[in-house]
Each structure stands twice: as structure tokens, then as C-alpha cells.
Amino acid sequence: MTHRFSATTRLGLGGVALLLVLASPATHAAASPADTARTPAAVTVEEQRLDRAAPREILRRSGFDALAPRFERALRGSDGYAQAERTVTRHASALWRRAVDRAQGRGPATGDLSRGDDRPLYWARLALSRELRAWTARFGLTDEQRRALHTALETSSRGQDDLRFPGHRVKRVLVTGFDPFTLDRDTRIGNPSGASALALDGTTVRTADGPARIETVVFPVRWADFAEGTVERVLARQLPRLDLFTTVSQGRPGRFDVERTNGAWRGGFPDNENAASTGTVPVDDPGTQPQWTTTTLPYRQLTAADTGRFPVYDNTEVTEIPAGGTQPVTRPEGPTPGSAARAGGGGDYLSNEIAYRATLLRDRLGLPRLPGGHLHTPVLQFGAENTNPRTGAVTDPDFERNRSDIVGQVRELVRTAVGNPAPRP
């Protein structure tokens, strides 16, 4: 999520360089006229991508292609807003549970895609959203009510209504992930942070200090949702009762990063709606908003522990405009006093922003000792013979092995973090 790194080194949610988009042959031509001819004019940019070949194949090969038609039939039978709301919430919640169960090996393995795949959840959610957008109610439905139904669909299908922690004898951990992104470059893309969320939701890990229960949610890759406070709405009621939290997103190839410092700056890279936003991260009470926030994850222990095949780094680099200066400067050891943020350790995209928002909320709630921060995973890569987005397969053995290894290492990093104290402020 920053353009501090070259396109060859920073490819994930933490930093897709504009060069990557300009160089990609699929950026503006991924959908042929035949693909888009059937797309209704009212659908969103994300929903339009449903008609491309890769999303259709992902849905079919996971069995998730059956969910939108069922939803449409149930929605068509609604005779009032209350019934429509129940229908939306029921089907959206069932989608989340089905994706989690599939990732964790429960229930039938419909289709031949590997169980740990996060992409069916993303595309099925959009398929439900498109059906809801196209639905003509048999009763009076205001614009506000329709927006509320879409909000209910988003909330319930992202696990945000499904956070259930046990009693005080079990530590409580919240992990967040993201949707796939840069889909105009390659609609086959998955996101290992989303896959980690599905694999870890509702699971228990054993630590030296006893068991820890992990609950997870997934967030959209959309600037507007963050500006409207979606992160704070989910986290504000959770942080005071947690023992640890970590936001997770995809970062650089071949490595994990524990991001030491988060910056209050949006760098403008387009989101999943192809919308851009540049400027200070918009939050409530901007007059007390700091330029920087800091992780309280135990970064020394996380970088030292043997958690998997990928190296884990304590990333202290930021980009700032120094006090009294006018030009951005890269600081390998973190920000200097009085500087203005231009990129945190996690860049200037939504991974930096979720880390900034979560840690700012931690501090505003008066929880300075609560361990929390951001973890960047390696980029989830296809096999060497399967890199062409136009001709490549939607999966391959290397892709599945890479995802499994990343998810397993996220689990071990969370286990390590829970078992170690937070660094002193």
C-alpha cells in the first residue's frame, strides 16, 4: 500500500505501485465486450467483474454459484421490509459460515477447489449484492432501507456479527483480513489475509499461558467504507475485552513484516471500486489525531521465533515530511519528532489505514498495554508456469501450497504473540 517500494518488491495490499498497473496488459482490458454486454448499468464496479471468466469458474468449482439464485428466490418472496431484512441477514450469515466451515474442513467439500480458498466468499458476496441491487420489491422500499439491506449483507457475510468469545479463562484474540484486490490486473487473485481469517475463525490455540480463542472478520478494499467508520464500528465494542488483536493484509513477496509504525496518510492508489483517495486519514475528532501510531505487538519475539518458512521482519521504515520541511523523506528507523506522515511501515494504502485506525482506537480507548498492530503476509503467488492472467488457471499446486504455508504461519505468529508480553510504550 505504498509507492515507496518498486513494483518488483512490493506487490501486495501494502504497496501496489502505480507502475504495476500501467505495465499490466490486463488492467483495462480484462473484460471482453462479450463479458460485459450482460452487465446491468446499476451494478457497482466490483459487481461488474462477476461476468468475467475467472470469477465464474471460481464460483462454479466451489459450489458457491448456487447461492445467489437461492437468495434471489427468497428475496423475491419477501412481502415486507422486515422479512426482506431477515432474508438478507440469514443468507449473508450462512455465506460466512459456509466459507469458514469449508476452510476448516467441515461439511461437504463442494466443487474441486481446495478448501482453504478465500475467493468463493468474495465473489459469492458480490453475487448476492448484485441480486439485491437488481431486486424490485413488491412493497414500498425507500433508498435508505435498500442501503440498510446492503449494509446488513456486508456486515453478516464478513463475520462482523459472528464474534463470540468464551469466558475469562480463555484469552481473546481478534484477527482481521481483507478481500482480494487489484482485480483488474488479475481476476484470479486471492488474499492470504482473507484465507487466514477463514481458517482461524472460532479456533483455539494453545500457548504457554493457556488457551486462546481466535475470532476473525474480513474488511473490504474500499476507501469509502473506511471513511464511513466501518473499522471503528466493528472494533470499538471488541477491543476493551481482548487480550490481543492484529490486522493482517498481503504485503511483499517472500516475507512477513510486523509494521512498527502506522501513518495518518492516504496515498491515493485505486481501491476495488477504482476510486482513489489522497490526504490525511479521515477520523472522528481530527483535532486530536496524531500523525503516527505504534504497534504493541511483541515484534522482537515474532521476528525471532521459528514460525514457518517465510522470514519475519520488524519493519521500522516510514516516509515523512520532516518538521519545517516540504519534501517526503524515507526514514529507515521511524519518524522524527513533529513530522507529517506520508507512509507508515505498511505503506499508504488500506493496510496502513486499518493498522492506523485500530491502534488509534486502542489509544483513544485508554488501552496502551493491549497488544495490537499490523502483520503483512507474503504475496500469494501462482506457480511459475501460471502467471499470465489471460491464459492462466485459477489455481495450481504452488498457489495452494503457498496459501497453506502463509495461513499456517499466520496461525503460529498469532500463537507466539499471545504467549509474549507487549513491548513497553
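Listed here are the residues, each with its yes/no results for (1) among the acidic types (Asp, Glu); (2) outside any helix (DSSP H, G or I); (3) within 30 Å of ASP243 (Cβ to Cβ).
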{"position": "PRO120", "(1), (2), (3)": "no, no, no"}
{"position": "THR136", "(1), (2), (3)": "no, yes, no"}
{"position": "LEU141", "(1), (2), (3)": "no, yes, no"}
{"position": "HIS150", "(1), (2), (3)": "no, no, no"}
{"position": "GLU154", "(1), (2), (3)": "yes, no, yes"}
{"position": "LEU163", "(1), (2), (3)": "no, yes, yes"}
{"position": "GLY177", "(1), (2), (3)": "no, yes, yes"}
{"position": "ASP184", "(1), (2), (3)": "yes, yes, no"}
{"position": "ALA195", "(1), (2), (3)": "no, no, yes"}
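Just so you know, in the range 223-259 the residues that are assigned to a loop (DSSP other than H, G, I, E, B) and among the basic types (Lys, Arg) include one that is nearest to PHE310 (Cα to Cα), and it is ARG255.
A single entry from ALA197, ALA134 fulfils the requirement of being within 17 Å of VAL217 (Cβ to Cβ) and modelled with pLDDT of 95 or more: ALA197. The set of residues from the range 190-224 being over 12 Å from VAL175 (Cβ atoms) and aromatic (Phe, Trp, Tyr) comprises just one member, TRP223.
Would you confirm whether any residue within the range 311-333 is surrounded by 24 or more Cβ atoms within 10 Å (Cβ to Cβ), over 20 Å from PRO298 (Cβ atoms) and over 24 Å from the mean Cα position of the chain (by Cα)? Yes; the residues of the range 311-333 include at least one that is surrounded by 24 or more Cβ atoms within 10 Å (Cβ to Cβ), over 20 Å from PRO298 (Cβ atoms) and over 24 Å from the mean Cα position of the chain (by Cα).
Just to be sure, is ALA224 surrounded by fewer than 17 Cβ atoms within 10 Å (Cβ to Cβ) and closer than 30 Å to GLU57 by Cβ? For ALA224, the condition - surrounded by fewer than 17 Cβ atoms within 10 Å (Cβ to Cβ) and closer than 30 Å to GLU57 by Cβ - is met. Considering the range 174-188, the residues that are of a type outside the set (Lys, Arg) and open to solvent by 20 Å² or more (accessible area, probe 1.4 Å) include one that is nearest to VAL281 (Cα to Cα), namely THR182. Only residues that are open to solvent by less than 10 Å² (accessible area, probe 1.4 Å) and in contact with a strand residue (DSSP E or B) (Cβ under 9 Å, 6 or more places away or on another chain) were counted in the range 144-173, giving 4. Among the residues of the range 342-373, those identified as within 15 Å of the chain's Cα centre (by Cα) and over 22 Å from ALA276 (Cβ atoms) are ALA358, GLY373.
Evaluate the range 341-360: report whether one residue or more is charged (D, E, K, R), open to solvent by less than 60 Å² (accessible area, probe 1.4 Å) and under 24 Å from ILE58 (Cα atoms). Scanning the range 341-360 turns up no residue that is charged (D, E, K, R), open to solvent by less than 60 Å² (accessible area, probe 1.4 Å) and under 24 Å from ILE58 (Cα atoms). Residue check: PRO270 meets all listed conditions (1) under 22 Å from ALA343 (Cβ atoms); (2) touching a strand residue (DSSP E or B) at 6+ places or on another chain (Cβ under 6 Å) but one, namely (2).
Across the range 105-118, the number of residues qualifying as closer than 19 Å to LEU380 by Cβ and either part of a helix (DSSP H, G or I) or in contact with a Gly (Cβ under 8 Å, 6 or more places away or on another chain) (or both) comes to 3. Return yes or no: is LEU365 at negative phi, out of contact with any Lys or Arg (no Cβ under 7 Å at 6 or more places or on another chain) and either open to solvent by less than 30 Å² (accessible area, probe 1.4 Å) or at pLDDT 95 or above (or both)? So LEU365 passes the test. Name the pairs whose Cβ atoms lie under 7 Å apart, with the first residue in the range 86-112 and under 11 Å from SER157 (Cβ atoms), the second among the β-branched types (Val, Ile, Thr) and not in a helix (DSSP H, G or I), and 6 or more positions between them or separate chains? Matching pairs, first to second residue: none at all. When LEU367 is tested against (1) touching a residue at least 24 places away in the same chain (Cβ under 8 Å); (2) of a type in the set (A, V, I, L, M); (3) farther than 16 Å from ARG241 by Cα; (4) assigned to a loop (DSSP other than H, G, I, E, B), just one condition goes unmet, and that condition is (3). Looking only at residues of the range 61-88 that are among the small types (Gly, Ala, Ser) and assigned to a loop (DSSP other than H, G, I, E, B), we find that the one that is least open to solvent (accessible area, probe 1.4 Å) is SER78.
The values are calculated or read from the model by the stated rules, or taken from the named source; none is laboratory data. No experiment lies behind these values; they were computed from the predicted model shown. Using ideal geometry, Cβ is built from the backbone for each residue, glycine included, and neighbour counts are taken over all protein chains shown. Remember, those area values only see protein heavy atoms, side chains included, never the ligands or the DNA or RNA. Shrake-Rupley method; radii C 1.70, N 1.55, O 1.52, S 1.80 Å.
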